[in-house]
Structure formats: C-alpha cells, structure tokens
Amino acid sequence: MHDMFRLAEAPRPSCTAVEFPETYRRAYRWMLLARVAEEKIASLYRGGKITGGVFLGKGQEAISVATGMALRDGDIFAPLIRDQAGRLAFGESLLDFTLTYLGARSGPMRGRDGNVHRGRPKEGLLPMISHLGAMVSVVNGILMAHRFQKKENTVGAACLGEGATSTGAFHESLNQAAVEKLPLILVVTNNQYAYSTPNHRQFACNDLIDKAIGYGVKGHSVDGTDLSACLETIGGAVAAARDGEGPQLVIASNLRLAGHGEHDDAHYISQHFKELQLGRDCMEVAQNHMLAQKWADSSMFDLWHRDSQSLVEEAVAHSLREPAPDPAKEDWCALASRHLLEGNPPQPTHNH
Amino acid sequence: MITYLEAIREAQRQALENDPRVYIYGQDVGAFGGAFKATKSLAQSFPGRVLDSPISEDAMVGSAIGAALQGMRPIVEMQFADFSTVGFNQIVNQAATMFWRTGLPCPITVRLPSGGTPGSGPFHSQNLEALYAHYPGLILMTPATVEDAYAMLLEAVAIDDPVIFCEHKYLYYHLKADTLPKEALPAGKARVARAGRDATVVTYSAMVHESLAAADELATEGWEIEVIDLRTIKPLDTDTVLASVARTGRILAVGEAWPWGGVTAEILARVAAEGFNLLDAPPMRLNSKDTPVPYHPNLWGTHRPTARSIADSLRVLLRS
Ligand SMILES: Cc1ncc(C[n+]2csc(CCOP(=O)(O)OP(=O)(O)O)c2C)c(N)n1
C-alpha cells in the first residue's frame, strides 16, 4: 500500500497491561483520523464537490478499528460502508479514500467505481460490491485457496450491518464457512437501523448472536461503543480463528450516529436509542477512558486532532489536483483476455 | 466411442491433471460424481480437489471468485443451469465486474447443464445464455459437439475471464465421437457445420443438430442449406455469419432459448445493421415458444424448435 499518510505500524491488540494503553491510543488515533477524514468528505459533499453518495462510519469506529488492527499481512479484509477506521488500520492509505471519493484517475478504482466501493485485492483488501452479503463468500474462497496453497495462519474478516443478516448471501456464506471450517471472522454491527428500517422489521430473533449456534460457529457479543471491549473481543475472535477454531460471528451493538448516507437526515432514529448505552459515541467513550486511565490528556487529544486534520487536508488537496478520468483515453475493455473482445478492440492507452 | 458427457469429464480430468490451480466445486460432485456423473471418479483420482458444496449457488460462485483472485482456477458445477439464477448476483455483479473494477482477472468456469430433455419441466430445462451474455465481462460458450465440449472446456479453464459454459443435457448421451480432439478452433470462432448456397442457418448447442437434420431434409428437396455453429455466444463471430450470408443471401437464426431479445435477436440485429445489402429476403428467426418449458414430451417437443419446424421455417425463407 502507499506509505504516504500511514501512521507508524500499529501493534496488534494485546491485553497485557503494558501494551494495552499503547494499542488503545493507536486505535483511537485511527478512529480519529477516520472521523476527521469522513467529516471532510461530508463537508465537500455539502459543497457539491462529490459526485455520488457519501457514507459515514460515525459511531462505528471502535468495532471497525478493532477489526482492522487485529489483522496482519496476508490476512483478508472485506470492509463495508462504515469501515473507514478499519480500512486505515488494516493499511489502506488515506489517499485511496480521497482519490476514490473525488473520482481521480489515479485512485485504485480509476474513476470506474467510487466512494466506499474500493480496495486492493492483491493486498488483501477486497473492493465491496454494493450487494449486501456478497463479499463474505469471496473471503471464504480466498481462505479456501489459502488452504489449497498451504498458506497457513491467515484469517479473513468481513463486515456487515444487521440488515445484511437477512440476505440469502449471509446465510449461504456463513454456512459455507462453517462447513469448510474456515478462519472467517464475520463482524456484524447492529446499529439498530438498516437505512430507515428498524430491527423489528428486519428480524424476529431475540438476539442476532443466537444465529451462531444455528450455524455451528462461535458467537461473541460486544458493546460496539466500548473500544476496550471491541479490541478484546475482536482480538479474541481473530486469535480463535487463527488457532483453527473455525468461523467466529461477532455481534456488536451500537447506534448509527449519522444518516444512512449524507443525503439522509435520519429523522426516523428514535430518541430512545440515543439515551441508551448503545447510543453513546465510541470516540467520546474512548476519550473519557483514556483520561480516566491517564493514558492521554486533553493536550494530546488536541495534538492528535490537528495531526489528523493536516493529514486529511493534505490528502484532499493532493487528490483535488489529480486528473479526472478521460473518456477518450479510457480503455473500454471489461475482459482480461483482450483478444476475446468483440469487434476491433480499442488500444489500451493506460496500463494499470 | 466417447460421449459428450464423457468429453466434459475428460476435460475436467485433464484440467485437474495439468494444472494444480484447478479444483471442482458443486453439489454432489465429490464421491458421488455429480448428478449427471460429469465428475465421476474425479474425487477419487484427485483427493481434496473435487469438493461437494452445500446447496448454495451464491456462495459457490462467490467463493470461486475469491479463490480465483487468490490464483486458483475453480470450476463450479451448477446442478442445472436453472439453479444458477440463485448465484446470478455473484456471476454478473462480482465476477463479471472484477477485471473492469480492479484490473485483476477472475478466471472461473461455471458449468451450466442446460436445455431441455423430455420430462424435465420448467425448472430443469432452461437456456440462460442470453441472460449472461448480456453482461459485460463474461465469456459464453455453447459447445455443440463432443470435440468442442472437450476442447472448449479446457480452453474455458485457461481463459483469464469468467466463462459460462453452457453444456447441453440433451447431447450428454446422444452425441458420440470416436476420439477426443488434439486441436480445435479458438473461442470466438464459429464453425461452418455444413456448407450450402441457398440459405444460412445460424445456431448453437443442441439446435445445431436439429438444423443439420433440417438441412438433410431440405437437401432431398434440392436446397443446399449452410449451417453455422456459433460455438461461443460471446464473443459472437459476426464475421463468419456475415460471410455466410454474403454467399446465401438468406438467414434463419435458431435458438432453443426464449424469443424475447436473446441470441437470435442479436444475430439478426447485427446482420440487419452490418449486412443489410447482403440479404435477398427478410431475415428470420426461430426460438422456443414464449412460455416456461413444459414437462410433457408432447408439449416439450413442440415448445422448442425441431428439425421439422426449422425445415418449415426454411421453406418459408426460401420462398420469400
Ligand atoms: C442486496 C442489497 N439490497 C439492498 C441494498 C440497498 N442498501 C444499501 S445499504 C442498505 C441498508 C444496510 O443496512 P445494514 O446492513 O444494517 O448496514 P448499515 O447501513 O446499518 O451499516 C440497503 C438497504 C443493497 N446495497 N444490497
């Protein structure tokens, strides 16, 4: 991945007393960078500078960052729309984010796809298609390939919202992972709404974690607003998968603290949820925790915030200067086997 | 003698033998050898590489895509083409878009046991090539001969793009050849299955044989009918079609699939647009009826084009 705009290599979550504060601080800094970056894109969106939708992970940074940080080189990550923090922690460069949102030719999707639909599959970061649930079996397949290739000790994590648990793809892929005993960590963030649909119109089980037993996989519930809990739970689930214990289903509870996308004012979100523990902002919870533990003070928060802002400003400024794709120079070829293109294939003008 | 079905099995055996990246995944394909026995004994010969899947077409294809990204060459067997609609999303939205979006090839082969046999009914008889051909990023193969079933399946596995391999169930046991071919035309090249000068039939898969039988019948009436076997639906070999129409001046496109849109419509659209002045008569096409595929042999035999209905259409075409 691009080294530009990467913070120092993040250590993996660990629960030893000595390392944990450092892990926690790093996690928090990824979360902060994600939030600042998304706020910037949202403001560009409001200024009419973004073509297409903008989707924020506000309120979801803790569970996402814990997932990204628990993975290492060789692992597979299939993030979804609210996983900016996890993407950064996994190693996606901030430039991939800004270039893709701004539609630059030099971004990883070259203007062919946009916003959250980006990735670098060669580096283990899968570019989501929109169809919810569809990435999970792709992760399964990579893990099956690792098995064929005797590539050991790798795991794959896929993220979904609770709404996606209603899809056939969710069912097929989690069952498939269980049958094949794959080292899959399926992280479902139950943020109470799928777009505007509340949970009682989405599923009728008491708790989504009950699905784990039905699939024959290990289940973990976690408070998605509590970074410590997220780091520990995801860290444990990833370690279990890596140790050969098969698929791990994690259900994190929180509240979506933004609209479905920036076009949505989320007026339908019930006040009731905002007063519950799950309605907390995981960033504030993390800050308070660090203050209480004396792992950081307000001057450090200010410094980190300024750092994040300048990284984001720099990435956006760079991306705004990058050329847009040129339809006349575009290689309009959807086949890797160019000789099988019908008619006279246009000559490639760019090499990827 | 080797049948069309055995040729498919032998191609898979070859692929498994030649290339450690190949594995086969599908319902009942393992020890049981597949619903049609297209993978019979392969699991025994290649332990761990011919895997039974759960009844999960979406996840079957999705996982094949993941494995392909990771350097494997999966062959997915759909038990029947009809059930591939459950995996449709992964095929058309994930596999077909992968190269375009990411620049990484997605070499998967999805085998679709296609087409009608008497008694199969609405959900075990479909021909879905037009549906898949509609999507950019896919290769569509429709072999009509034992030789092509073998050679094209091997080629499908070697191609760097997702290939939808429509093998016709009616040909599985009916069609026999003496030996397997050492070489074959490449994908994207049609074959003149029978040369003629009075009219051209453009077709593919099982309809090649119905069309050849119709041509035999018309030969007794003094007509010489050219029959083109497209072999691949996408890419479509428009050049061979136009060259034939240039010789005959008349075209009938025949397909076993439904009439609305589809392969025969595509052929005629191309001939009309690119070869209008070659035509001595309005182009014609013949497809199945526009209903689900019926169960009873009496109905089924009338639902799809047959040598007789093709011959009837040709007589109309030759008179016009
Ligand atoms: C198969 C499919 N159907 C519909 C949509 C449209 N859609 C996009 S996001 C979304 C809501 C998703 O809710 P959830 O899975 O709970 O995730 P969240 O947005 O809450 O993070 C819907 C309906 C889609 N992307 N895919």
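The values are calculated or read from the model by the stated rules, or taken from the named source; none is laboratory data. Being a predicted model, the structure only gives us computed values, none of them experimental. Methodologically, a virtual Cβ is constructed for each residue, glycine included, from the backbone with ideal geometry; neighbour enumeration extends over all protein chains shown. For accessibility, only protein heavy atoms count, side chains too; no ligands or nucleic acids. Shrake-Rupley method; radii C 1.70, N 1.55, O 1.52, S 1.80 Å.
Quick rundown of the values:
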item	result
Selection count, segment A:81-120, where residues are closer than 17 Å to A:Glu330 by Cα, under 16 Å from the mean Cα position of the chain (by Cα) and touching a residue at least 40 places away in the same chain (Cβ under 8 Å)	1
Segment A:65-84 - residue that is away from the ligand (no atom under 14 Å from the Cβ) and part of a loop (DSSP other than H, G, I, E, B) and, of those, surrounded by the fewest Cβ atoms within 10 Å (Cβ to Cβ)	A:Asp73
Subset of segment B:194-218 [touching a Ser or Thr at 6+ places or on another chain (Cβ under 8 Å) and of a type in the set (A, V, I, L, M)]	B:Ala199, B:Val201, B:Val202, B:Val208
Residues located in segment A:309-339, provided they are open to solvent by less than 30 Å² (accessible area, probe 1.4 Å) and acidic (Asp, Glu)	A:Glu330, A:Asp331
Restricting segment A:177-195 to residues that are small (Gly, Ala, Ser) and under 21 Å from the mean Cα position of the chain (by Cα), the residue that is nearest to the ligand (Cβ to nearest atom)	A:Ala194
Index of the failed condition, A:Met1 passing every other in (1) touching a strand residue (DSSP E or B) at 6+ places or on another chain (Cβ under 7 Å); (2) more than 24 Å from A:Ser298 (Cα to Cα); (3) at pLDDT 95 or above	(3)
Check on A:Ile209, more than 9 Å from the ligand (Cβ to nearest atom), open to solvent by 30 Å² or more (accessible area, probe 1.4 Å), touching a residue at least 24 places away in the same chain (Cβ under 8 Å) and more than 14 Å from chain B (Cβ to nearest Cβ)	yes
Residues within segment A:252-263 that are open to solvent by 10 Å² or more (accessible area, probe 1.4 Å) and among the hydrophobic types (A, V, I, L, M, F, W, C), tallied	2
Residue in segment A:236-243 that is touching a residue at least 40 places away in the same chain (Cβ under 8 Å), within 16 Å of the ligand (Cβ to nearest atom) and surrounded by 21 or more Cβ atoms within 10 Å (Cβ to Cβ) present	no
Residue match in segment A:153-164 (condition: within 10 Å of chain B (Cβ to nearest Cβ), within 16 Å of the ligand (Cβ to nearest atom) and not aromatic (Phe, Trp, Tyr))	no
Positions within segment B:89-109 being open to solvent by 30 Å² or more (accessible area, probe 1.4 Å), touching a residue at least 12 places away in the same chain (Cβ under 8 Å) and either more than 7 Å from chain A (Cβ to nearest Cβ) or in a helix (DSSP H, G or I) (or both), in sequence order	B:Asn89, B:Thr97, B:Phe99, B:Trp100
Qualifying residue in segment A:287-297 (condition: touching a Phe, Trp or Tyr at 6+ places or on another chain (Cβ under 7 Å), open to solvent by 40 Å² or more (accessible area, probe 1.4 Å), at pLDDT 95 or above and part of a helix (DSSP H, G or I))	yes
Any chance A:Ser270 is out of contact with any helix residue (DSSP H, G or I) (no Cβ under 7 Å at 6 or more places or on another chain), polar (S, T, N, Q) and touching a residue at least 24 places away in the same chain (Cβ under 8 Å)	yes
Selection count where residues are touching a helix residue (DSSP H, G or I) at 6+ places or on another chain (Cβ under 7 Å) and farther than 19 Å from A:Ala37 by Cα, scope segment A:110-120	2
Verdict on B:Met152 being of a type in the set (A, V, I, L, M) and within 14 Å of chain A (Cβ to nearest Cβ)	yes
Any hit, segment A:108-115, residues being more than 16 Å from the ligand (Cβ to nearest atom), outside any loop (DSSP other than H, G, I, E, B) and open to solvent by less than 10 Å² (accessible area, probe 1.4 Å)	no
Answer from B:Ala38, B:Ala11, B:Ala64, B:Ala59 - the residue that is touching a residue at least 60 places away in the same chain (Cβ under 8 Å) and either part of a helix (DSSP H, G or I) or within 23 Å of A:Lys150 (Cα to Cα) (or both)	B:Ala11
Residue match in segment B:305-312 (condition: surrounded by fewer than 22 Cβ atoms within 10 Å (Cβ to Cβ), more than 27 Å from B:Ala81 (Cβ to Cβ) and either in contact with a Phe, Trp or Tyr (Cβ under 7 Å, 6 or more places away or on another chain) or not basic (Lys, Arg) (or both))	yes
Listing of strands (runs of 3 or more DSSP E) fully contained in segment B:139-253 that carry 3 or more residues being crowded, with 22+ Cβ neighbours inside 10 Å	B:139-141, B:163-168, B:199-203, B:225-229, B:232-234
Scan of segment B:70-88 for residues that are buried (at least 24 other Cβ atoms within 10 Å of the Cβ) and part of a helix (DSSP H, G or I), ordered by number	B:Ala81, B:Ser84, B:Gly87
Every pair of residues 6+ apart whose Cβ atoms lie under 8 Å, when the first sits in segment A:121-141 and is within 7 Å of chain B (Cβ to nearest Cβ) and open to solvent by 20 Å² or more (accessible area, probe 1.4 Å) while the second is within 16 Å of the ligand (Cβ to nearest atom) and of a type outside the set (Lys, Arg)	A:Pro121/A:Pro127; A:His131/A:Ala169; A:His131/B:Asn89; A:His131/B:Asn93; A:His131/B:Gln94
Lone qualifier among B:Gly26, B:Gly66, B:Gly48, B:Gly34 - being surrounded by 22 or more Cβ atoms within 10 Å (Cβ to Cβ) and over 24 Å from the mean Cα position of the chain (by Cα)	B:Gly66
Close pairs from segment A:142-165: first more than 30 Å from B:Asp19 (Cα to Cα), partner in a loop (DSSP other than H, G, I, E, B) and aromatic (Phe, Trp, Tyr), Cβ under 7 Å, at least 6 apart	A:Thr165/A:Phe203
A:Asn199 being away from the ligand (no atom under 13 Å from the Cβ), under 18 Å from A:Val222 (Cβ atoms), surrounded by fewer than 19 Cβ atoms within 10 Å (Cβ to Cβ) and of a type outside the set (A, V, I, L, M, F, W, C)	no
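Table: residues versus (1) of a type in the set (Val, Ile, Thr); (2) over 25 Å from A:Ser310 (Cα atoms); (3) more than 14 Å from chain B (Cβ to nearest Cβ).
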site: A:Ser64; (1), (2), (3): no, no, yes
site: A:Arg72; (1), (2), (3): no, yes, yes
site: A:Ile76; (1), (2), (3): yes, yes, no
site: A:Arg87; (1), (2), (3): no, no, yes
site: A:Asp96; (1), (2), (3): no, no, no
site: A:Tyr101; (1), (2), (3): no, no, yes
site: A:Pro108; (1), (2), (3): no, no, no
site: A:Arg112; (1), (2), (3): no, yes, no
